[in-house]
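Visitor: For reference, the structure I am asking about is given below.
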């Protein structure tokens with residue numbers, strides 16, 4: 001039975017995603033449509049066992065978060081610093097307030113409004129990076145800041161899932177209890193990272209010569225699942241454990257190798273996860289709630305562009321880079337699905353909200369490449385029609401960023417203090433050896 005289900009899933013997802021690829025659309029949309037096809041609503045019956053698909057989808061979530069953790073580099077995040085922090089916090093804070101306000105305006109209770117806010121505040125790392133790559137913008141200056149913002153959003157999303165779970169279980173918002181939960185979470189993460197970074201890199205170095213690809217992937221998955229169980233025992237979500245182990249392994253010398261080995265496995269189970277998302281969509285509900293879907297899409301697009309542009313500008317980017325970044329963030333994706341599934345499983349979220357969020361994600365993902373193409377014309381229009389004072393500020397910021405980049409390139413070309421120290425030591429050693437050799441030769445002549 002499980003082999004039959006897996007066959008139906010794989011062949012349907014493969015064919016539909018291939019069609020979407022031919023239409024130059026994200027394959028994620030193909031997976032979701034495949035889920036609608038094999039699900040129970042379109043043809044009146046399900047072609048697969050939903051329980052099996054859900055179990056595989058949950059594994060897919062763990063692998064996706066584990067791989068996101070593997071891509072998390074603290075040094076890369078620190079390099080973007082101000083832009084990443086201010087940009088991410090502005091987007092997350094602004095979109096959560098906007099989402100919560102829209103939820104209350106629509107008559108939702110506090111719990112549903114909170115989950116709506118959480119689902120609307122995260123852009124899709126996968127879709128954004130793929131859209132940037134397909135648009136040929138991979139070498140643009142804004143990409144580094146955009147990537148750092150997405151990393152912070154991923155981290156905040158994992159923490160947000162833990163906090164929403166805590167609030168959902170208690171069915172009330174308690175400020176003191178929430179602060180206590182955040183404190184316990186922070187302390188737990190510190191302990192995990194300290195012990196993990198002290199022990200695991202050392203362990204991998206000791207056994208490196210025995211680690212072929214097969215052994216390494218098995219060991220990495222074992223560590224991942226071990227941290228998942230540890231997180232569950234500590235009262236946190238399994239997703240947090242997978243993400244934490246990914247970030248710990250990201251600091252090892254084998255991180256890129258593990259990431260390469262994990263990619264095929266992640267892709268397979270992530271595809272199953274998106275298929276499971278599609279299986280929960282009832283097309284009749286989409287027709288019935290088309291107005292809610294339209295409003296949600298408008299909120300996502302307008303909100304992301306507004307808060308993304310402001311956050312990046314306040315963080316020190318140029319206006320052009322700020323708008324390029326914000327126009328690429330105009331969708332919600334994998335974390336929105338995960339948070340929606342969390343609310344559904346906990347029984348605190350209105351079931352109607354799930355297909356609305358998924359449909360909004362599908363629409364905004366479809367529109368992302370076209371909205372990105374409009375970013376430069378919109379910037380040109382803004383610059384040409386801006387008041388003289390604002391235009392002067394835009395020009396000044398462009399000069400500041402350009403000068404900062406030139407100074408950074410010059411400093412990168414100069415030898416660091418560590419390089420100078422190594423050179424001095426090396427020069428001293430060479431000089432000493434030459435002197436010793438000269439003295440030895442003179443002694444032999446005597």
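The values are calculated or read from the model by the stated rules, or taken from the named source; none is laboratory data. Since the model is a prediction, treat every value here as computed from it, not as a measurement. Backbone-built Cβ (ideal geometry, glycine too); neighbour counts: all protein chains shown.
Visitor: Could you figure out which of (1) more than 18 Å from residue 150 (Cβ to Cβ); (2) modelled with pLDDT under 90 isn't true of residue 331?
Guide: (1)
Visitor: Another one. Only one residue in 307, 269 is touching a helix residue (DSSP H, G or I) at 6+ places or on another chain (Cβ under 9 Å), closer than 30 Å to residue 191 by Cβ and touching a residue at least 60 places away in the same chain (Cβ under 8 Å). Which one?
Guide: On the way: 307 fails: closer than 30 Å to residue 191 by Cβ.
Within the list 307, 269, the selection yields 269.
Visitor: Here is a further query. I need the helices (runs of 4 or more DSSP H) fully contained in the stretch 51-125, keeping only those with at least 3 residues that are surrounded by fewer than 22 Cβ atoms within 10 Å (Cβ to Cβ) and at pLDDT 80 or above.
Guide: 82-105, 110-120
Visitor: Would you mind telling me which numbered condition in (1) at pLDDT 85 or above; (2) within 26 Å of residue 6 (Cβ to Cβ); (3) touching a helix residue (DSSP H, G or I) at 6+ places or on another chain (Cβ under 8 Å) residue 22 fails?
Guide: For residue 22, the failing item is (3).
Visitor: Turning to a different aspect of this structure: Sort out which residues of the stretch 173-187 are assigned to a helix (DSSP H, G or I) and at pLDDT below 75, and write them in order of number.
Guide: 175, 176, 177, 178, 179, 180, 181, 182, 183, 184, 185, 186
Visitor: Which one is surrounded by the most Cβ atoms within 10 Å (Cβ to Cβ), of the residues in the stretch 272-303 that are out of contact with any helix residue (DSSP H, G or I) (no Cβ under 6 Å at 6 or more places or on another chain) and more than 24 Å from residue 34 (Cβ to Cβ)?
Guide: Only one residue tops the list, namely 301.
Visitor: Looking at (1) crowded, with 18+ Cβ neighbours inside 10 Å; (2) in the same structural domain as residue 301 (by TED's automatic domain parsing), find the lone condition where residue 12 falls short.
Guide: The single condition residue 12 does not satisfy is (2).
Visitor: Select from the stretch 340-358 the residues that are at pLDDT below 85 and part of a helix (DSSP H, G or I) and list them in ascending order.
Guide: Those that are at pLDDT below 85 and part of a helix (DSSP H, G or I): 340, 341, 342, 343, 344, 345, 346, 354, 355, 358.
Visitor: Being modelled with pLDDT of 85 or more, surrounded by fewer than 20 Cβ atoms within 10 Å (Cβ to Cβ), part of a helix (DSSP H, G or I) and touching a helix residue (DSSP H, G or I) at 6+ places or on another chain (Cβ under 6 Å) is the requirement here; does residue 394 meet it?
Guide: For residue 394, the condition - modelled with pLDDT of 85 or more, surrounded by fewer than 20 Cβ atoms within 10 Å (Cβ to Cβ), part of a helix (DSSP H, G or I) and touching a helix residue (DSSP H, G or I) at 6+ places or on another chain (Cβ under 6 Å) - is met.
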